[in-house]
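The values are calculated or read from the model by the stated rules, or taken from the named source; none is laboratory data. Since the structure is predicted, the reported quantities are computational estimates derived from the model, not experimental observations. Using ideal geometry, Cβ is built from the backbone for each residue, glycine included, and neighbour counts are taken over all protein chains shown.
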Amino acid sequence: MFIKNAWYVAAWADEVSATPVARRILNEPVVLFRDERGSAAALLDMCCHRGAPLSCGKVVASGIECGYHGMVYAGDGACVHIPGQVHIPAKARVKSYPLVEKDTLLWIWLGDPAAADPSTIVDYPFHNDTAHWPHKHTLYPIEGSASLMVDNLMDLTHLGYVHVSTIGGYPQSHVDAIMDTQPTETGLKFTRWMLDSLAPPTYKKAVPALADRIDRWQEFEFVAPAVVLQWVGAIDAGTGAYDKGKRDGGFSMRIFHGLTPETETTCHYFWSTLNGFAPNDPQSTQKIFDEVSAAFREDQYIVQQQQMRLKELGEDALINIVADGARVHMRRVLERMLARETQVLA
């Protein structure tokens, strides 16, 4: 089951233009498009006439035109034109979804439209601050569930094993990390410190002047049900990052993670890297994006293998260990959200 009364990332804003975009979200077929004014809209991807996907049509001045018989639908789902027919029946409409464009993202709500409050959408102004946080973004299709991908992000002990050649560093430094976890109204925050640890390959490539031994931080915030906000960085060991709050002069990067369920076992992974160590250098922004992209392909592989095995054998035999604290808390938040929504529907 899905938590439907929540905002999910439907697309990057620059993905959606005059060409319709078909996307399955929470197992519902959705079509995204922009009207002649540039306003984005989201409709059920099915014409109410003969059931053809609207994404097979095209965008026209008054909305989206079905590619089968030419019926046109406005952004609110109402049919506004039927070829050869003046009268338009009141039932000639398709389901529309609340859609909000914010911080370079399009956010969609698939639950009760009356409960769709845009003020509850995650704030991420860094995407707009190109002077201090230039970024690059993309979308990975994942053959694994959104919850497994969030699990992966909330348990960083895997970094030393899955990401040895990129962002991982060394396994023992992750095991010995100083961990501070704080529940929030919308999920969970945690900070991990790896003091006097060896710099991972990605950090050294980004900032060659960085010392071989660093004080490294990882700040994560899980915003239920499917967003993770990340800030990571490092400066030379013993120069005040941990005890004095000094975080300038070394490596610094933010990452946005949006995990939108496609089906029960697949998801859309929207992510971006924001360059905080050399914001005036476009090559550095590209370089760190490429490095993180390689690391996330490693995540993609292991999570897809995990999903394949769980689909075959189930989760009954799985256990939790000490390192699963943040992940377990995250799952409990989702369980409570789903229980409340199920109770309301009942």
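Odds and ends about this structure:
- The set of residues in segment 14-43 that are outside any strand (DSSP E or B) and surrounded by fewer than 17 Cβ atoms within 10 Å (Cβ to Cβ) comprises 14, 17, 18, 19, 27, 36, 37, 38, 39.
- Segment 251-294, subset of a type in the set (A, V, I, L, M) and farther than 28 Å from residue 108 by Cβ, residue modelled with the lowest pLDDT: 294
- Considering segment 44-67, and only residues there that are of a type in the set (A, V, I, L, M, F, W, C) and not in a loop (DSSP other than H, G, I, E, B), the residue that is nearest to residue 28 (Cα to Cα) turns out to be 44.
- Of residues in segment 235-277 being charged (D, E, K, R) and in a strand (DSSP E or B), the one farthest from residue 152 (Cα to Cα): 236
- Condition met for residue 61 (closer than 20 Å to residue 17 by Cα and either surrounded by 15 or more Cβ atoms within 10 Å (Cβ to Cβ) or touching a strand residue (DSSP E or B) at 6+ places or on another chain (Cβ under 8 Å) (or both)): no
- Test: residue in segment 114-122 that is closer than 24 Å to residue 34 by Cα, assigned to a strand (DSSP E or B) and not assigned by TED's automatic domain parsing to the domain that holds residue 279: no
- Matching option when the condition is on the phi < 0 side of the Ramachandran plot and touching a residue at least 40 places away in the same chain (Cβ under 8 Å), among 317, 323: 323
- Residue check, residue 113 out of contact with any Lys or Arg (no Cβ under 6 Å at 6 or more places or on another chain), modelled with pLDDT of 95 or more, within 23 Å of residue 334 (Cβ to Cβ) and surrounded by fewer than 14 Cβ atoms within 10 Å (Cβ to Cβ): yes
- Only one of the numbered conditions (1) of a type in the set (Asp, Glu); (2) in contact (Cβ under 8 Å) with a residue 60 or more places away in the chain; (3) part of a loop (DSSP other than H, G, I, E, B) is not met by residue 299, and that is (3).
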